[in-house]
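Below you'll find the structure, written out as structure tokens, and then a few comments.
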Amino acid sequence: MEPIVDKKVFYKNLVRLALPIALQSLMLALVAAGDALMLGRVAQNEMTAVSLATQIQFVQNMFLGAITAAGAILGAQYWGKGDRHTLEDIFNIMLRFCGIISILFCAACELMPEALMHIFTHDQALIAIGAAYLRIAGWSYLLTGISQCYLTIMKVTDHVKPGALISSGAVVINICLNAVFIFGLLGAPRMQARGAALATTISRIIELALCLFISSRDVYLHPKFDRFLQIPGQLGKDFAKQCLPLLGGSLLWGIGFTSYTAIMGHMSADVAAANSVSAVVRDLICCFCNGIGSAAGIIVGNELGAGRLETGKAYGIKLKNISIVIGLLSTLLVLAITPFVVKMVILTPEAGSYLTGMMVIMAFYMIGRCINTVTINGVLDGGGDTIFDLYSLVLCMWLIAIPLAFFGAFFFHWSPFVVYACTCLDEVGKIPWVFIRFKKYKWVQDLTRDLS
């Protein structure tokens, strides 16, 4: 007999977790929006170059996201079980691997920024602006991995509100400093793209400092440096079992999205500009489903880790249904705001027309994006079914969407609208497959062990 879901308790937990995480996601997206809007008021090239340059951090976040997501999956289940000792070991594992990734990306930005920019564009003006941005912003990439580990642990140990406030506060500081350094306010030099990079670096320093300060209290979980280099054998295997499929999926998704940006960026400067703005809007609209998706993983993971498998299953079904409603509402929202978005940034007439068409196409893409974010990255991952996302990305993105977009842009010379539509096929194409996988209920499993 299926357990009866207490709707009051369910929605209370969902709102308690989802709203702070959605706010955190929104505030992070607002940094990109702030960069685009402020630099868009300076010059189209400044805006486009920074949008392309930040794809480096996007790829870094794929590595960091896989590591912290694996930590969150296991962490939520061990927190539901009440095993604090094992959760401390998970914290140590995340810090080790995220630290290594952050050092590598910082070094690349400092030593070879022009080569990185060449991946996304052949326009020398954009390369010069983007390289200058990366030389400064690269230092922020050094700090990001550590702060993300702390924020992840806060999220899975019932300290989601402080974590969201830290991240949101850092974003507010970032946006304010953007205005100061981009436009040269309050006596500061007018640095344009380099100002955006400096603002990002300062805000990351503040974010990490706040993470260390707030989590220093006894009620928070801390990394145990006396066993920092010691990974329990079975826990290391369990972490790798979750992390490797997530990393593969993150890299396929991240590099795939970066490929979309590179394909659109090589079509023309106007197409690149329109795609940059549409990407910012997409990320802003996706914030709510990101919050629901993260909350779904924690809610389902807590129940499964506590041994309440049927309750976890019932919660997962309800969350999947919620994702469909969110997708439809997101589609209507994108269509409603399209005229306002086109008027908000300074674009050439041709770029403006491209942006309008891209927004309409993106509206229908949002249905798939919301369903997949909540169902795959939330419910399925919360139960440890991380391999499915990898399979779906190989098929829908790498065997269908990317080849169509690539050949359409460079060989068949399709319209930018058709090429952009090809880049949206992957999320829409997953929908039937996602529902089939969901109903197999392979994700209904307790991942915890008696390790402590």
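What the table below lists for this structure:
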| item | result |
| --- | --- |
| If the convex hull is drawn through the Cα atoms of the stretch 66-124, its volume per residue in Å³ | 73 |
| Under 5 Å, built H, 5+ apart or other chain: amide partners of Gly383 | none |
| Accessible area expressed per residue, the stretch 310-385, with surrounding protein chains retained (probe 1.4 Å, Å²) | 36 |
| Estimated inter-spin distance, Leu251 and Val172, nm [label 7 Å along Cα→Cβ] | 3.9 |
| Positive-pole candidate from Ala306, Leu393, Thr200, dipole of the chain, charges at beta carbon | Ala306 |
| Where the stretch 168-265 is the region considered: accessible area per residue in Å², 1.4 Å probe | 45 |
| Carbon plus sulfur fraction of accessible area for the chain, probe 1.4 Å, in percent | 69 |
| In sequence order, calculated HN-Hα J values of the stretch 228-236 (Karplus, 6.51, -1.76, 1.60; Hz; x Gly/Pro) | 5, 8, 9, 10, x, x, 5, 5, x |
| Among 138-148, 246-256, 9-19, 220-230, the order from most to least packed when residues are scored by Cβ within 10 Å on average | 138-148, 246-256, 9-19, 220-230 |
| Label point distance in nm, Val394-Glu114, each placed 7 Å from Cα along Cα→Cβ | 3.9 |
| Helix-only CD estimate at 222 nm, as mean residue ellipticity for the chain, using -39500 (n - 2.57) per DSSP H run (n ≥ 4) | -27000 deg cm²/dmol |
| Between helix 269-285 and the chain: long-axis angle, C-alpha atoms, 0 to 90°, nearest 10 | 30 |
| Solvent-accessible surface ranking, highest first, for Asp123, Asp89, Asp158 at 1.4 angstrom | Asp158, Asp123, Asp89 |
| Distance (nanometres) between label positions extended 7 Å along Cα→Cβ at Asn13 and Ser415 | 4.8 |
| Mean separation of Cα contacts under 8 Å (6+ apart) over length of the chain, as relative contact order % | 23 |
| Spherically averaged projected area of the chain from its Cα convex hull (nm²) | 20.9 |
| Debye log10 I(q)/I(0) for the stretch 215-317, one point scatterer per Cα, at q = 0.15, 0.23 Å⁻¹ | -1.00, -1.23 |
| Zero-based 5 Å bins, Cα pair distances in the stretch 156-285, whole percents | 2, 8, 9, 11, 14, 18, 15, 10, 7, 4, 1, 0 |
| Principal-axis tilt of helix 124-156 within the chain, Cα atoms, nearest 10 degrees | 20 |
| Qualifying GluC sites (Glu not before Pro) in the stretch 282-387, DSSP loop, other Cβ atoms within 10 Å at most 14 | none |
| On Cα atoms only, tilt of 160-183 relative to the major axis of the chain in degrees | 10 |
| Cysteines, the chain, no other Cys beta-carbon under 4.7 Å | Cys98, Cys106, Cys109, Cys149, Cys176, Cys211, Cys243, Cys286, Cys287, Cys396, Cys422, Cys424 |
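The values are calculated or read from the model by the stated rules, or taken from the named source; none is laboratory data. Fair warning: this is a prediction, and the values are worked out from it, not measured in the lab. Neighbour counts are summed over all protein chains in view; Cβ atoms, including those assigned to glycine, are modelled from backbone coordinates with ideal geometry. Heads up: the accessible areas ignore ligands, DNA and RNA and are worked out on the full protein's heavy atoms, side chains in. Shrake-Rupley method; radii C 1.70, N 1.55, O 1.52, S 1.80 Å.
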